[in-house]
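The values are calculated or read from the model by the stated rules, or taken from the named source; none is laboratory data. Only a predicted model underlies this, so the values are computations on that prediction, with no experimental measurement involved. Glycine gets a Cβ as well: all are built from the backbone with ideal geometry, and neighbour counts include every protein chain shown.
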Amino acid sequence: MYVIDNKVEKEYSEPFNLSEQGHRTVNYVAYDNVDNANTDKFTVFVDTTGPEIFVNYSIKPYEKIEIDNKIYDVYPQHLKVYLSASDIHTGTKNIRFSLNGSRKAEYRGPISGFNAETLNHLQIIAVDVLGNEESKDVKFFVK
């Protein structure tokens, strides 16, 4: 028998997952062949959240542009974009990105060389040490 977080007692019949974020306590009772009982508990922390992604631009936008009824920031051609991610529990393992539909690449430094006179689309994925992912899309215009 086992109980997760002092809720409903269940009979152990197969492995189970602890999928709810946060500290989880499992109390259990085990019996031997002559019905001697042994009770114990353990506490674990379940992390199901990926890192928070941050996007920083090397320069402020100098105007706005409307495309398909949406407003986008406009940057000069010498723009550089810096990416970072922070994971509150385990740390960030890596950050990958795709620019304008290109193959995903690991982020290693400032991104530059954006298409001029068009909307640029940056897709970012950050992964923590446990493999939890978070993604973010940003769009901006370069002139």
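Scan region 21-31 and give yes if some residue there is of a type in the set (V, I, T), surrounded by 10 or more Cβ atoms within 10 Å (Cβ to Cβ) and within 26 Å of L130 (Cα to Cα), otherwise no. Yes: one or more hits.
For the subset of region 28-68 comprising residues that are in a strand (DSSP E or B) and small (G, A, S), which member is nearest to the chain's Cα centre (by Cα)?
Here is the first cut: in region 28-68, the residues in a strand (DSSP E or B) are 28-31, 37-46, 52-57, 63-67.
Add one more test, that the residue is small (G, A, S), and what stays is 30, 37.
Working: A30: 37, A37: 42 Å.
Once the filter is applied, the top-ranked residue is A30.
Screening L119 against (1) within 16 Å of V142 (Cα to Cα); (2) exposed (fewer than 12 other Cβ atoms within 10 Å of the Cβ) leaves a single unmet condition, (2).
The residue of region 99-143 that is nearest to D87 (Cα to Cα), among those that are of a type in the set (G, A, S) and in a loop (DSSP other than H, G, I, E, B), is G131. Of the residues making up region 27-69, those that are of a type in the set (V, I, T) and touching a Lys or Arg at 6+ places or on another chain (Cβ under 6 Å) are V44, V46, I53. The residue list L18, L79 contains one member that is surrounded by 14 or more Cβ atoms within 10 Å (Cβ to Cβ), at pLDDT below 95 and not hydroxyl-bearing (S, T, Y), which is L18.
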